[in-house]
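Reviewing the structure listed below.
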Amino acid sequence: MEKTLNRIHPVSDPEATYFLQVSWEKNLGTGFGLLLSDCQCAWTGKVSEADISREAADIEMDREKYVEELRKALIAGEESAGKYNFVIS
């Protein structure tokens, strides 16, 4: 299993610091797990392969392109800094 951990500062609260861990088996396209923490609380979730396909279809984006955008937003870290915004709600 592969994992990444990134520090994020959501646009909804730029002074706050959160940590986002993403874990996956083969690649993001086969599904992944998320753990989000503000160092006081933690939230977890899972995204299935079917969820990814459904979301890509909903926004009319090629599935592989969608998976690549997920990779950039969730695991690329410094490489994508400033290109993606996070909103915590």
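Projected label points at A73 and H9, each 7 Å from Cα along the beta carbon direction, are separated by 2.1 nanometres.
Counting Lys and Arg as +1 and Asp and Glu as -1 over every other residue whose Cβ lies under 13 Å from the Cβ of A16, the net charge comes to -2. At 7 Å along the Cα-to-beta-carbon direction for both R54 and T30, put a label point, then send me their distance in nm to one decimal. Between R54 and T30, the label points sit 2.1 nm apart. For the chain, averaging the sequence separation of C-alpha pairs within contact (under 8 Å, six or more residues apart) and dividing by the residue count gives a relative contact order of 26 percent.
Here the Karplus relation 6.51 cos²θ - 1.76 cosθ + 1.60, evaluated at θ = phi - 60°, turns the backbone of the stretch 13-18 into coupling constants of 7, x, 7, 7, 10, 10 Hz, with x for every Gly and Pro. Counting Lys and Arg as +1 and Asp and Glu as -1 over every other residue whose Cβ lies under 12 Å from the Cβ of S53, the net charge comes to -4. Among E69, E49, E60, the largest mean-square fluctuation in a Gaussian network model of the chain, built with springs joining Cα atoms closer than 10 Å, belongs to E60. For D13, D38, the ranking by accessible surface with the largest value first comes to D13, D38, using a 1.4 Å probe. Working note: 222 nm ellipticity from helices only, DSSP H runs with n ≥ 4, each -39,500 (n - 2.57), summed and divided by the residues of the chain, gives -7500 deg cm²/dmol to the nearest 500.
Ranking F32, F86 by solvent-accessible area of protein heavy atoms (1.4 Å probe, all protein chains present), from largest to smallest, gives F86, F32. Here the Karplus curve 6.51 cos²θ - 1.76 cosθ + 1.60, taken at θ = phi - 60°, turns the phi angles of the stretch 57-66 into couplings of 5, 4, 9, 6, 10, 3, 4, 5, 5, 4 Hz, with x standing for Gly and Pro. The alpha-carbon positions of the chain define a convex hull whose volume is 104 Å³ per residue.
The values are calculated or read from the model by the stated rules, or taken from the named source; none is laboratory data. This one's a predicted model, so the numbers in the text were calculated from it and none came from an experiment. Note: ideal-geometry Cβ built from the backbone for every residue, glycine included; neighbour counts use all protein chains shown. Only protein heavy atoms, including side chains, enter the accessible area calculation; ligands, DNA and RNA are left aside. Shrake-Rupley method; radii C 1.70, N 1.55, O 1.52, S 1.80 Å.
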